[in-house]
Amino acid sequence: MGKRIITQRRGRGTNTYRVNKKAFRYRIKVPKDISKKGKVIKLIDSRAHGFPIAKIKYDKGFFYIPACDKMIEGQEIFLEEKEIKSGNILKLKDIPIKARVYNIESRYGDGGKFIRSCGNYAEVIRKTGKDVFVVMPSKKEKKFNESCRAIIGIVAGEGKLDKPVLKAGKKYYIKKTKSKLWPRTSAVKMNAIDHPFGSGRGKRIKSKIAKRNAPAGRRVGLLRPKRTGKK
């Protein structure tokens, strides 16, 4: 009788595959009802995030955002004011051309979805009507609504990956804090009984596209891809 594949075993939640809930206790989000001014009261090193987190106090409570480069504890930041300064949170329509931003909202009020990794930033390049175009770190343009908010500056923690991870054990524990499996065995190198991609003479990979309504054991490879093949 075959055993469950790794994706099924991890989904069941055993002692081997357990999410570290304490690592994910910070909700990185800019609230919708922010006031005009906030204050950085603490910079936090979170195990579940690659960037340092800034805890912001405002008149209605607290919220957490990715810290910007050179942010310090006690620093005052302005929320939805028109002052261009690192750490301030503004709507894209109020941000000038060539300004560097991060934690951009996909739509107004969602708290920020784009540009949230160490040392990354996007650049505002042009405005057309109610649309604002920014250049992403991938050098591609993306269109946003002018009411979407973003944080001025660059995400802190640049150069974090420059130092090599010298030991496999250290890499294992880094991944474990983020609830990621490492090392990962290639699916085509497994036996047919252990994975849908397993076996095959010459390691010819079967279709990587899973059926849209496939059960848990078959939901492997490309899940609902927008397109396939070469461009």
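The values are calculated or read from the model by the stated rules, or taken from the named source; none is laboratory data. Model, not experiment: these values are computed from the prediction. So basically every Cβ, Gly included, is an ideal-geometry build from the backbone, and we count neighbours across all protein chains shown.
Here are Gly169, Gly198, Gly229, Gly202: which of them is in a helix (DSSP H, G or I), at pLDDT below 85 and either within 24 Å of the chain's Cα centre (by Cα) or not assigned by TED's automatic domain parsing to the domain that holds Lys70 (or both)?
On the way: Gly169 fails: at pLDDT below 85; Gly198 fails: in a helix (DSSP H, G or I); Gly229 fails: in a helix (DSSP H, G or I).
On inspection, the qualifying residue turns out to be Gly202.
In the condition set (1) touching a Leu at 6+ places or on another chain (Cβ under 9 Å); (2) of a type in the set (Ser, Thr, Tyr); (3) free of Cβ contacts under 8 Å to residues at least 40 places away in the same chain, Ser199 is compliant with all but (1). For segment 147-154, the criterion of being modelled with pLDDT of 90 or more, part of a loop (DSSP other than H, G, I, E, B), out of contact with any Ser or Thr (no Cβ under 7 Å at 6 or more places or on another chain) and loosely packed, with under 11 Cβ neighbours inside 10 Å is satisfied by no residue at all.
Against the list (1) assigned to a loop (DSSP other than H, G, I, E, B); (2) within 21 Å of the chain's Cα centre (by Cα); (3) β-branched (Val, Ile, Thr), the condition Val134 fails is (1).
Scoring Arg212 on the criteria (1) part of a loop (DSSP other than H, G, I, E, B); (2) in the same structural domain as Phe63 (by TED's automatic domain parsing); (3) basic (Lys, Arg) leaves a single failure, condition (2).
Residues in segment 45-63 that are of a type outside the set (Phe, Trp, Tyr), without any contact (Cβ under 8 Å) to a residue 40 or more places away in the chain, more than 18 Å from Glu158 (Cβ to Cβ) and surrounded by fewer than 17 Cβ atoms within 10 Å (Cβ to Cβ): how many?
Here is the first cut: in segment 45-63, the residues of a type outside the set (Phe, Trp, Tyr) are 45-50, 52-57, 59-61.
Going one step further and asking which of them are without any contact (Cβ under 8 Å) to a residue 40 or more places away in the chain, we end up with 45-46, 49, 53-57, 59-61.
Of the ones still in play, those that are also more than 18 Å from Glu158 (Cβ to Cβ) are 55-57, 59-61.
Of the ones still in play, those that are also surrounded by fewer than 17 Cβ atoms within 10 Å (Cβ to Cβ) are 57, 59-61.
Adding up the residues that qualify gives 4.
Taking segment 209-231 as the range and being without any contact (Cβ under 8 Å) to a residue 60 or more places away in the chain and within 23 Å of Asp194 (Cα to Cα) as the test, the residues that pass are Ile209, Ala210, Lys211, Arg212, Asn213, Ala214, Pro215, Arg218, Gly221, Leu222, Leu223, Arg224.
The set of residues from segment 13-32 being over 19 Å from Ile174 (Cα atoms) and β-branched (Val, Ile, Thr) comprises Thr14, Ile28, Val30. Looking across segment 137-157, just one residue is polar (S, T, N, Q) and either under 23 Å from Gly50 (Cα atoms) or within 17 Å of the chain's Cα centre (by Cα) (or both), and that is Ser138.
Residues in segment 75-110 that are farther than 19 Å from Val132 by Cβ and surrounded by fewer than 14 Cβ atoms within 10 Å (Cβ to Cβ): Glu76 only.
Residues are listed down the side, and each one gets a yes or a no for (1) outside the structural domain of Lys91 (by TED's automatic domain parsing); (2) surrounded by fewer than 17 Cβ atoms within 10 Å (Cβ to Cβ); (3) polar (S, T, N, Q):
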site: Gly112; (1), (2), (3): no, no, no
site: Ile125; (1), (2), (3): no, yes, no
site: Lys139; (1), (2), (3): no, yes, no
site: Trp182; (1), (2), (3): yes, yes, no
site: Asn191; (1), (2), (3): yes, yes, yes
site: Ser207; (1), (2), (3): yes, yes, yes
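Of the residues making up segment 172-184, those that are outside any helix (DSSP H, G or I) and touching a residue at least 40 places away in the same chain (Cβ under 8 Å) are Lys178, Ser179, Leu181. Listed by position, the strands (runs of 3 or more DSSP E) enclosed by segment 32-95 that each have at least 3 residues that are within 20 Å of the chain's Cα centre (by Cα) are 53-58, 61-66.
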